[in-house]
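Below: the structure, in structure tokens.
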Amino acid sequence: MKKRPPDQTPWMDPSAYGRTLRPGIGFNLLVRDMERAVRFATEALGATVTYADGDFAALRLAGAEWMLHADHTYSDNPLAGIVRDVEARGAGVELRLYGVDPDQVEARARAGGWTVLAGAMDKPHGLREAVIIDDEGYVWVPGIALKP
């Protein structure tokens, strides 16, 4: 996806979109390659795209909503200087997806050529999890509760 052409408008006014977001935690990931980031979210994780263009994407999965912004959209934001030239964008952060089958995500990630840091396994804290790294270096941990 290329930068959104100047004559193309988003599907919704940004301020109207902001008012649709439900209370709770949310996250926004800055990405170098929007197309690859959206492809990972949909093909490996199984997310649904609410909207995507070369500048911005809104995604949903398992009751959660998150956003992606292309680096160039943050050129005037103080965060831009922090992530510039950083290989692994999310170092030290796990983006956990509760209620998302780790075996399915692992299989799709392997098929798509993404990095499976740890295959699906039962953990002592009561979840079956996998650890997947996307093209930007963000770490995703899909997990489901183990049956007692």
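The values are calculated or read from the model by the stated rules, or taken from the named source; none is laboratory data. Since we're looking at a predicted model, the values are computed, not measured. We place every Cβ from the backbone using ideal geometry, glycine too, and count neighbours over all the protein chains shown. With ligands, DNA and RNA removed, areas are computed over all heavy atoms of the protein, side chains included. Shrake-Rupley method; radii C 1.70, N 1.55, O 1.52, S 1.80 Å.
When the charge dipole of segment 27-103 is built from unit charges on Cβ atoms (+1 for Lys and Arg, -1 for Asp and Glu) and taken about the Cα centre, the candidate among GLY92, MET34, VAL49 whose Cα reaches farthest toward its positive end is GLY92.
Per atom type, segment 51-148 shows carbon and sulfur on 54% of its accessible surface, probed at 1.4 Å.
Under the definition of Cα pairs under 8 Å and six or more residues apart, what whole-number percent is the relative contact order of segment 40-148? Rounded, it is 24 percent for segment 40-148.
The GNM of the chain, with springs linking C-alpha atoms under 10 angstrom apart, assigns the highest mean-square fluctuation among ARG84, ARG19, ARG36 to ARG19. Here each label is just a point 7 Å from Cα along the line to Cβ, and for ALA62 and THR48 those points are 1.6 nm apart. With both residues required to sit in segment 1-137, DSSP beta bridges show an antiparallel share near 75%.
If I build a Gaussian network model for the chain, linking alpha-carbon pairs within less than 10 angstrom, which residue out of THR73, THR20, THR50 has the largest mean-square fluctuation? Highest fluctuation among the options: THR20. Count Lys and Arg as plus one, Asp and Glu as minus one, and take only other residues whose Cβ is under 11 Å from that of ARG128; the net charge is then -3. Labels on offer are [x] 15.5; [y] 19.6; [z] 16.2, and the one holding Kirkwood radius over Cα pairs in Å computed from this structure is [z].
Evaluated with a Cβ-only charge set (Lys, Arg +1; Asp, Glu -1), segment 39-148 carries a dipole of roughly 440 debye about its Cα centre, given to the nearest 20.
GNM on the chain, alpha-carbon springs under 10 angstrom: the most fluctuating residue among GLY113, GLY92, GLY54 is GLY92. Placing THR42, THR48 in order of accessible area, with the largest value first and a 1.4 Å probe, yields THR48, THR42. In the chain, the DSSP-assigned H stretches of four residues or longer account for a calculated mean residue ellipticity at 222 nm of -5000 deg cm²/dmol, using -39500 (n - 2.57) per stretch and the full residue count as denominator.
Between the C-alpha center of segment 33-60 and that of segment 82-124 there is a gap of 15 Å.
Solvent-accessible area per residue in the chain equals 58 Å², computed with a 1.4 angstrom probe and all protein chains kept.
Of MET34, MET12, the order by accessible heavy-atom surface (1.4 Å probe, DNA, RNA and ligands excluded), from most exposed downward, is MET12, MET34.
Leaving ligands and nucleic acids out of the surface, order HIS125, HIS69 by accessible area at 1.4 Å, largest first.
HIS125, HIS69
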